[in-house]
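Worksheet for the structure shown next.
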Amino acid sequence: MNVPEVVEYARGLDHVTLADEGRWSCSVDYLSRMQALIREHRINRVVIASCTPRTHEGLFKRNIQQAGMNPYLLEFVSIREQVSWVHMREPEAATQKAKDLVRMGVAKAVLLEEGEEIRLPVKQDCLVIGAGAAGLSAALNVAGQGFQAIVLEKSDRLGGMLNTLSLVRHDSHHADAAQWVQSLAARVYETPGIRVITGAEIETIEGYIGNYTIGLKGGNGSPGERLHVSTIVVATGMREISPEGAFKHGENPRVMTQLELEKRIRSSKKFQPPEDREETNDLRSSGFHPEVKNVVFIQCVGSKNDTRGCCSIGCHAAVKNALALKALDPDIQIHILYRDLSMVKEEGEMLKEAKHLGIRFSRFPDDRYPEPVENLDGTLVVKTMDILIGKELQLPADLLVLTVAFQGDDTVEQLKGLLKVSANPDGFFQESHVKLAPLEFPADGVALAGCAKSPMMLKESIEAGIGAAMRVSIPMKRGYIEAEGIVADIDLTDCNQCGLCHKRCPYSAISVDADKNPRVIKALCKGCGLCAADCPRECITIVHFTDDQVLAQVDAALLEAPEKKIIGFVCHWCALGGVDMAGVSRLQYPVHARLIRVMCSARVSMKMMLRAFEKGAAGVLVAGCEFPTCHYISGNYAAESRVRRMKKKLARSGYDPERLINVWCSAADGPKFAKTMKDMVKQFNLDNAS
């Protein structure tokens with residue numbers, strides 16, 4: 001696009017004192033020049049028109065702050081990802097779109113007000129919920145830095161799922177799980193700064209980072225004890241999903257899951273890890289049932305389907321347990337039936353050893369699972385098609401082992417409500433952002449570790465526990481945290497005390513006093529804007545994303561040729577990420593969109609959508625995070641409900657409700673956003689608009 005033309009256009013806009021074209025605007029040299037220009041021209045509002053705010057907004061905020069300005073007086077306009085990269089074949093139209101975006105940025109900047117970071121004190125005590133490999137590793141790491149760690153475990157002993165396993169693979173070799181847990185637990189009990197509470201459950205959680213109060217019931221502490229901590233690590237682990245009668249599980253005692261097999265192997269008196277057994281030692285008289293001579297494993301039972309994806313650890317578990325059976329009895333015949341073998345590079349030696357010991361692997365078709373058949377004499381046979389050799393197989397099975405999927409711990413439903421965080425349909429907690437914050441929740445000071453997030457092997461769980469400990473250690477080491485100043489603000493002048501804001505806040509950041517007046521607890525508020533969009537009296541504003549600022553952008557976007565333009569409200573976290581990914585991928589789509597960034601799709605009020613139609617927009621897009629994830633827990637659910645209501649209102653007001661489009665887009669899904677733009681232009685016939 002013609003950047004000098006855009007710069008010259010910007011100079012002519014109302015309120016613009018200076019417009020400058022920078023080469024490599026994020027370089028040290030230009031940042032210094034920018035500070036000098038701000039001081040020289042006494043600039044009190046800044047618009048940066050360059051790349052995406054998702055990557056560089058923080059840099060420019062710090063830069064204008066160093067020049068003496070409040071960092072909240074900055075507005076960011078993306079003319080790279082939203083213009084030059086995606087309209088490469090239409091330079092004239094791209095240049096016009098860039099002018100529109102700059103005009104929108106200036107319109108909002110005129111209305112910006114100063115904001116401030118919220119500094120909260122943080123002490124040096126951390127609660128670790130769950131005492132599996134991840135939780136114990138987190139506690140040891142926290143205590144190792146000189147902080148206090150409290151390990152809270154609902155059962156009567158440490159170790160979590162490790163207490164049911166026969167073998168664990170650690171540091172490239174197998175070890176006895178019972179001995180490994182015993183050693184890890186001993187380290188925890190011997191480490192100064194770690195307190196262990198077992199047999200206790202969480203009843204209440206109140207407060208915020210630096211000031212959490214945890215109410216307990218049961219346990220070896222004081223009855224009804226209340227813990228006061230600054231940070232929290234959630235490491236609640238996982239559990240197997242019951243096959244629910246699949247392959248006659250629960251009916252035939254020879255059919256069991258991997259964990260049920262682990263327990264039987266563990267109870268075998270002569271069980272030894274494969275590396276420790278003597279080749280000359282005959283283990284056929286071991287504690288394992290002597291009649292078990294043929295074992296068949298069936299992989300991906302209840303996973304890798306339309307309901308859920310790969311369980312991530314099933315292949316590892318099957319091969320590990322097959323080797324454990326071979327350690328008990330080298331003459332046992334083992335057949336592993338799989339759809340795909342998902343083994344990481346480090347597990348290659350384990351797979352090679354399994355094949356060397358005669359463990360057989362057969363691949364069955366995705367749409368044709370193996371079928372167990374019980375013969376008249378009571379024997380069990382598994383019929384399957386091996387697509388690699390092109391033959392039907394009938395395999396005798398004294399034991400049939402099912403590799404099933406996993407789900408989060410049974411405490412997840414209660415905990416997610418207490419912590420105000422989200423979980424997926426399988427009960428695994430959802431991180432704040434899969435790429436930008438993989439070990440954190442949206443709530444400051446709460447980190448996520450191990451199998452509470454997804455199924456992990458031991459090495460991954462330990463590393464995740466250490467990573468979570470490091471995340472919560474940062475504010476504890478610093479002694480404070482600065483929360484972003486994008487928060488809600490309530491003007492009680494017209495408030496009718498309906499309580500809607502208090503009831504619907506995803507973070508319980510709005511309390512109600514004795515007179516039913518709402519008050520924002522700014523330490524808890526994340527600025528999603530759901531309350532502001534819902535408030536029937538428009539008493540709530542969001543710093544940096546007020547109604548007036550957003551509406552000014554709508555008006556500026558539609559100042560010229562509104563009938564050819566689509567107003568898009570996109571959430572900062574995922575939808576804007578999809579927009580950026582379309583840009584990075586150079587996906588070309590029509591030039592009609594004028595996008596307005598909001599922190600969450602829940603911020604988009606019916607008034608904002610209606611304003612776009614009243615100003616003549618061809619269509620309106622509301623784009624947020626894909627379900628079930630949302631950076632603000634339930635924001636996209638609120639947005640979806642509001643869009644449905646808005647469609648009805650549009651119909652009553654004489655507008656075409658089909659011109660209001662709702663899309664949910666992940667941060668990685670650039671193609672989906674580009675396709676949405678193409679589909680909307682085609683649906684609204686904008687290519688042929690006069």
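The values are calculated or read from the model by the stated rules, or taken from the named source; none is laboratory data. Being a predicted model, the structure only gives us computed values, none of them experimental. Here the Cβ is made from the backbone with ideal geometry for all residues, glycine too, and neighbour counts use every protein chain on show. These area figures cover heavy atoms from the full protein model, side chains too; ligands, DNA and RNA do not enter into them. Shrake-Rupley method; radii C 1.70, N 1.55, O 1.52, S 1.80 Å.
Quick one: if the Förster radius is 56 Å, what FRET efficiency do LYS607 and TRP24 give, using the C-beta to C-beta distance and rounding to 0.05?
Numbers: r = 40 Å, r/R0 = 0.72.
It comes to 0.90.
Enter the accessible area per residue of the stretch 537-616 (Å², integer; probe 1.4 Å; all protein chains in place).
Details: 2250 Å² over 80 residues.
On a per-residue basis, the stretch 537-616 sits at 28 Å².
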Checklist entry - Taking LYS123 as the anchor, which aspartates and glutamates have their alpha carbon closer than 18 Å to its alpha carbon, excluding any fewer than eight residues away along the same chain? => result GLU206, ASP444, GLU482
Item to check | Proximal charge balance of GLY12 [Cβ under 11 Å; K/R count +1, D/E count -1] | outcome: +1
Item to check | FRET efficiency estimate (nearest 0.05) - Cβ-Cβ, GLU291 to SER267, R0 22 angstrom | outcome: 0.85
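Can you sort ASP331, ASP444 by solvent-accessible area, 1.4 Å probe, largest first?
Details: ASP331 75, ASP444 50 Å².
From most accessible down to least: ASP331, ASP444.
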Checklist entry - In this model, which of LYS304/LYS453; LYS108/LYS565; LYS503/LYS565; LYS352/LYS459 are farther than 29 Å apart at the alpha-carbon? => result LYS503/LYS565
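What whole-number value in Å² describes the accessible area per residue of the stretch 487-527 for a 1.4 Å probe? Walk me through the numbers on the way to the answer.
Details: 2240 Å² over 41 residues.
Result: 55 Å² of accessible area for each residue.
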Checklist entry - Over the heavy atoms of SER137, what accessible area does a 1.4 Å probe trace out, to the nearest 10 Å²? => result 10 Å²
Item to check | Reciprocal of mean inverse Cα separation for the chain (Kirkwood radius, Å) | outcome: 28.5 Å
Checklist entry - Based on DSSP H assignment, which helices of the chain show an axial Cα extent of at least 30 Å together with a mean Kyte-Doolittle hydropathy greater than or equal to -1.0? => result 458-478
Checklist entry - If MET104, MET238 are ordered by their accessible area, calculated over protein heavy atoms with a 1.4 Å probe, which sequence runs from highest to lowest? => result MET238, MET104
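Defining a contact as two alpha carbons under 8 Å apart and six or more residues distant in sequence, what relative contact order in percent does the stretch 1-146 show?
Numbers: 149 pairs, mean separation 35.2, N = 146.
This gives 24 percent for the stretch 1-146.
Which pairs, out of LYS326/LYS391; LYS217/LYS420; LYS526/LYS672; LYS99/LYS564, put more than 23 Å between their alpha-carbon atoms?
Values: LYS326/LYS391 26 Å; LYS217/LYS420 20 Å; LYS526/LYS672 28 Å; LYS99/LYS564 15 Å.
Exceeds cut-off: LYS326/LYS391; LYS526/LYS672.
Under a 1.4 angstrom probe, counting protein chains only, how are ARG103, ARG266, ARG519 ranked by accessible area, largest first? Before the final figure, lay out each step's value.
Working: ARG103 15, ARG266 75, ARG519 140 Å².
Result, largest first: ARG519, ARG266, ARG103.
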Checklist entry - Carbon and sulfur atoms: what percent of the 1.4 Å accessible area of the chain do they account for? => result 48 percent
Checklist entry - If you stretched the chain out fully between ASP306 and ASN375, how much longer would it get, using 0.36 nm times the residue separation minus the C-alpha to C-alpha distance? => result 21.6 nm
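Return a whole-number percent for the relative contact order of the chain, with Cα pairs under 8 Å and 6 or more residues apart as the contact set.
Values: 1429 pairs, mean separation 90.6, N = 690.
Here the relative contact order equals 13 percent.
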Next on the checklist: Less than 13 Å apart at the alpha-carbon level, and either on another chain or at least 8 residues along: which aspartates and glutamates does that give for LYS293?
Outcome noted: ASP329, ASP331, ASP398
Checklist outcome for this item: With R₀ set to 35 angstrom, the calculated FRET efficiency between the beta-carbons of ASP331 and GLU190, to the nearest 0.05, is 0.20
Checklist entry - Can you give the accessible area per residue of the stretch 1-117, in Å², using a 1.4 Å probe? => result 52 Å²
